[in-house]
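In what follows, a structure is listed as structure tokens, so that the remarks can point back to it.
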Amino acid sequence: MNLALRILFFLTLNTYYTMAFGQVTQVIRGTIVDKESQFPLIGVNIALTSNQANAIGTTSDIDGSFRIDNVDLGRQSLLFSYLGYEDVILQDVIVNSGKETILSIEMEEAIIAMEEVVITARRNGEVTNEMATVSAREFSVEETNRYAGSRGEPARMASNFAGVQGGDDSRNDVVVRGNSPTGVLWRLEGINIPNPNHFSIPGTGGGSVTILNNKFLKNSDFFTGAFPAEYGNGIAGVFDLRMRNGNNEKHEFSAQLGFLGTELMAEGPLSKKNKASYLATYRYSSLQLFQGLGIDVGTDAIPKYQDASFRINFPRKNGGNIALFGIGGISDIDILISNAEAPSTETLIYGSNDRDQYFGSQMGTIGLTYSQPLNTSSFFRITLAASHSSVNAFHEYIDRDVENGSFVVNQKVPILDYIFSENKYSLYANYNKKLSKKGSVKVGLNADIIHVNYDDQARVVQLPETINDTLSFDPWRKRWLADEAAPLLQPFIQYKHRFNDKLSGVVGITALYYGINNSSLSPFEPRLGLSYILNENEKLGFGMGLHSQMQSPYLYYYGSQSDSSGNPIAQNKDAIGLVKSAHVVASYDRMLNNLSRLKAEVYFQHLYDLPVGADGSSFSLINAGSGFSRLFPGELTTGGNGRNYGVELTLERFFSKGYYFLVTGSLFDAKYKTLEDIWRNTSFNGRYAANILFAKEWEFNAKQSLNLGVKSTFVGGGWYGEVDLTQSQRQQEVVYLDETVNTLKFDPYMRQDLRLAYKFNAKSITHELAIDIVNIFDRRNILKKTYSPDHPEGPVVDEYQLGRLPLFYYKIDF
């Protein structure tokens, strides 16, 4: 029986299975608080506005809690209304039989009496952070699953938004408005966390697979520029992630088997009396299993990884809360070219073609947070956390010959051994005060102690220059040797004022200090945001501000030269400081109808104090932050500049009547200059990016649905230069003629993805079967130039992205 017949039989069987049950309903419940003070709101009216056999609703109790029983399965809409507060409308709330739907609602006080104005409602997609006015969007867990090709990851999901692009199928780096992926700040529960990805490389912003499991996230915010003052140490974008609490009334479970891993999740009450709850997830990679079944996983070397998360929550009186949380992951991969039997025309995306590589990475964060409304107008929050991240690698050079069309390995010689470890101890504290209906203030502090431990040694392979020469190896040399700690401090204050029902503004000030040297201080970073409602359908926004960011710590300690003891001289430790950036953004937002919106933004960004080569070359750290290699910079100075500007457009239809679509596009230019005073394209200057997404859902009855989603991505090609073949062969990596760096352009990147998902609800159980086909037409997009001496067309050849990749999973919630 072929696969199509098996699926048809499976769907038919479950159609009859679910029909055997009577009417299946579920519960929608949650809590409602004041947005500024986080104090519970009593007596809020909640109405289920979607099509129901019988209209139902309820009101919130003394703790701000509400509960609606006997809700039909499927997509529902709710209206929250309260005297003196702006309405909140939630559309596309998914109700399944396997899990209760639990909502956390924040309502904002109206500034004038209700009889004087029609209150504007807050809708899906509007950012949670009340201080944001432009370049911000809230995303839901459902969106990380809904978009074809997103793989359940926040980063890949965000690449569908205007001004954001990926462009590397093997990684989930986020390129925002032409900036390096390292410019993106990751926050969890207010804490700045390390790169939350498996197989992450120091100084990069992404990895192959995320550690973040969308099952523990609740709706979170994503910023692409001119963000509020509470966000520091980032110049491109911010992921402000929040963890949800577990169900505090009943135990619920989830199990999933898929291409990217086998997952388990459990949640439930620790004490029904005190409403304490737990939530825990675990995932283990399953790529080895699928490769054994003959499925192409995109690489011969099988990545192994596992990750976990937890949250234990203890509610307190008057809306207070104590929570212990944590996330973490470990990963390793062995790329063994010594096992290759014969030369191949394929290049290695995850490794080099002249060595065996053993690589591992770890990341983890554990924290304790306490929040408490002090009264009906103020609250505070404090979080303490500890984070760890490390990578280790060991390389062996493969000396081999080709005899009768097959490889013969002569010897394996160790040439690289390193371990990089970073520990961070963090404090986040803030106090929020609602001064009046029109004004509120927020003051706080982000403080970290960053302890680094780097140990790296390597030796250079000297290739034979003539047929009579033999292979030789230089002595081992230390390149990194550091064991130090330094503080990172970021105080902030911001004030929001609503002048009337149309005009509001936010002003803030922050600063950033990194104690590694005397050059890493930005004492005054003002931020400003304005929002003006033209009418009930149109809104204008404006934002501007100064931002700064530290360099990846390992870059401060690299030494290309050694002292008399053989230890590396950290030549750039005092030479580089904070990168600075000035943002200006203007936006226009129009609701075309109740279900569709159009948004346009224009922006300009000026970057300065960029680390560049002190020798006047084209080298700049603005081009770093992606890929699977570290940087080995020579002497640097902070004399570089950059400029990014562009226009972005978003056309979106929210899910209704069985379909939705999202169309995003951006035209931009991202350039930089070094001491040579020549404007060059950055490596991320694709100049244009566009996404078209569409999904259709068919409901067979209240218990079953079939979802078909498609996505097309178009991105301008990457940049490169003319190859210096002599230096490339000498250094055994691609070296471009300096004067030609980023003057030549690869072909455009294009990819089409398909997603098919079938869901069926039995009594208290939800099943979901989904398949994502990434790059469905198997287009060969060029990633970069690579050095491959054994390649028939080598030694410098084009390296291609991943081809067609089927991803699938089966999930059960109960």
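The values are calculated or read from the model by the stated rules, or taken from the named source; none is laboratory data. In this text, all values refer to a predicted model and were calculated from it rather than measured experimentally. Cβ: placed from backbone, ideal geometry, glycine included. Neighbour counts: every protein chain shown. For the accessible areas, the whole protein counts, side chains as well, though only heavy atoms, and no ligand, DNA or RNA atoms are used. Shrake-Rupley method; radii C 1.70, N 1.55, O 1.52, S 1.80 Å.
Annotations for the structure displayed:
- Residue selected from region 571-629 under the condition of a type in the set (Ser, Thr, Tyr) and under 30 Å from PHE654 (Cβ atoms), by the criterion modelled with the lowest pLDDT: SER596
- Residue match in region 704-726 (condition: in a loop (DSSP other than H, G, I, E, B) and hydrophobic (A, V, I, L, M, F, W, C)): no
- Checked against (1) touching a Lys or Arg at 6+ places or on another chain (Cβ under 7 Å); (2) crowded, with 17+ Cβ neighbours inside 10 Å; (3) not basic (Lys, Arg), GLY721 meets all criteria but (1).
- In region 344-357, the residue that is modelled with the highest pLDDT out of those that are assigned to a loop (DSSP other than H, G, I, E, B) and buried (at least 17 other Cβ atoms within 10 Å of the Cβ) is ASP354.
- Hey, GLU648 over 28 Å from SER519 (Cα atoms), open to solvent by less than 30 Å² (accessible area, probe 1.4 Å), modelled with pLDDT of 95 or more and acidic (Asp, Glu) or not: yes
- Flag for GLU484 being open to solvent by 50 Å² or more (accessible area, probe 1.4 Å) and part of a loop (DSSP other than H, G, I, E, B): no
- Among residues of region 695-715 being among the small types (Gly, Ala, Ser) and surrounded by fewer than 20 Cβ atoms within 10 Å (Cβ to Cβ), the one that is nearest to ARG151 (Cα to Cα) is SER712.
- Applying the set (1) surrounded by 19 or more Cβ atoms within 10 Å (Cβ to Cβ); (2) out of contact with any helix residue (DSSP H, G or I) (no Cβ under 6 Å at 6 or more places or on another chain) to TYR659 leaves exactly one unmet item: (1).
- Residue within region 114-129 that is open to solvent by less than 40 Å² (accessible area, probe 1.4 Å), modelled with pLDDT of 85 or more, under 28 Å from the mean Cα position of the chain (by Cα) and more than 21 Å from SER440 (Cα to Cα) present: no
- Residue among ALA458, ALA485 that is farther than 20 Å from LEU185 by Cβ and modelled with pLDDT under 95: ALA458
- Output for region 464-481, where each listed residue is outside any strand (DSSP E or B) and exposed (fewer than 13 other Cβ atoms within 10 Å of the Cβ): PRO464, GLU465, THR466, ILE467, ASN468, ASP469, THR470, ASP474, PRO475
- Residues being farther than 11 Å from GLU635 by Cβ and open to solvent by less than 50 Å² (accessible area, probe 1.4 Å) - total across region 560-569: 3
- Which numbered condition ASP300 misses (of (1) over 22 Å from the mean Cα position of the chain (by Cα); (2) under 23 Å from SER352 (Cβ atoms); (3) at pLDDT 95 or above): (3)
- Assessment of region 213-226 against the conditions (assigned to a loop (DSSP other than H, G, I, E, B), within 12 Å of the chain's Cα centre (by Cα) and surrounded by fewer than 23 Cβ atoms within 10 Å (Cβ to Cβ)) yields at least one matching residue.
- The number of residues in region 364-423 that are out of contact with any Phe, Trp or Tyr (no Cβ under 9 Å at 6 or more places or on another chain), modelled with pLDDT of 90 or more and either among the basic types (Lys, Arg) or open to solvent by less than 50 Å² (accessible area, probe 1.4 Å) (or both) comes to 2.
- Residues in region 140-173 that are at pLDDT 85 or above, closer than 19 Å to ASN213 by Cα, open to solvent by 10 Å² or more (accessible area, probe 1.4 Å) and in a loop (DSSP other than H, G, I, E, B): SER159, ASP173.
- Any hit, region 671-694, residues being within 27 Å of ARG597 (Cβ to Cβ), of a type in the set (Asp, Glu) and either modelled with pLDDT under 95 or surrounded by fewer than 16 Cβ atoms within 10 Å (Cβ to Cβ) (or both): no
- Candidates PHE253, PHE199, PHE222, PHE259, filtered to the one that is modelled with pLDDT of 90 or more and in contact with a Leu (Cβ under 9 Å, 6 or more places away or on another chain): PHE253
- Within region 487-500, not a single residue is part of a strand (DSSP E or B) and free of Cβ contacts under 8 Å to residues at least 40 places away in the same chain.
- Going through (1) assigned to a loop (DSSP other than H, G, I, E, B); (2) at pLDDT 90 or above; (3) open to solvent by 20 Å² or more (accessible area, probe 1.4 Å) one by one, ASN742 falls short only on (3).
- Scanning region 67-78 for residues that are in contact (Cβ under 8 Å) with a residue 40 or more places away in the chain and either surrounded by fewer than 19 Cβ atoms within 10 Å (Cβ to Cβ) or over 23 Å from ALA266 (Cβ atoms) (or both) returns ARG67, ILE68, ASP69, ASN70, VAL71, ASP72, GLY74, ARG75, GLN76, LEU78.
- Taken over region 1-60, residues that are farther than 28 Å from MET131 by Cβ and modelled with pLDDT of 60 or more amount to 18.
- The residue pairs whose first member lies in region 441-465 and is over 30 Å from LEU512 (Cβ atoms), whose second member is open to solvent by 60 Å² or more (accessible area, probe 1.4 Å) and not in a loop (DSSP other than H, G, I, E, B), and whose beta carbons are closer than 6 Å, counting only pairs six or more residues apart or on different chains, are GLN457/ASP417.
- Here is the figure for region 637-660: residues that are more than 23 Å from the chain's Cα centre (by Cα), of a type outside the set (Ser, Thr, Tyr) and closer than 21 Å to ARG146 by Cβ total 4.
- Listed by first and then second residue, the pairs linking a residue in region 312-329 that is in a helix (DSSP H, G or I) to a residue that is of a type outside the set (Gly, Ala, Ser), with Cβ atoms under 6 Å apart and 6 or more places separating them unless they lie on different chains, are ASN318/PRO373; GLY319/GLN38; GLY319/PHE39; GLY319/PRO40; GLY319/PRO373.
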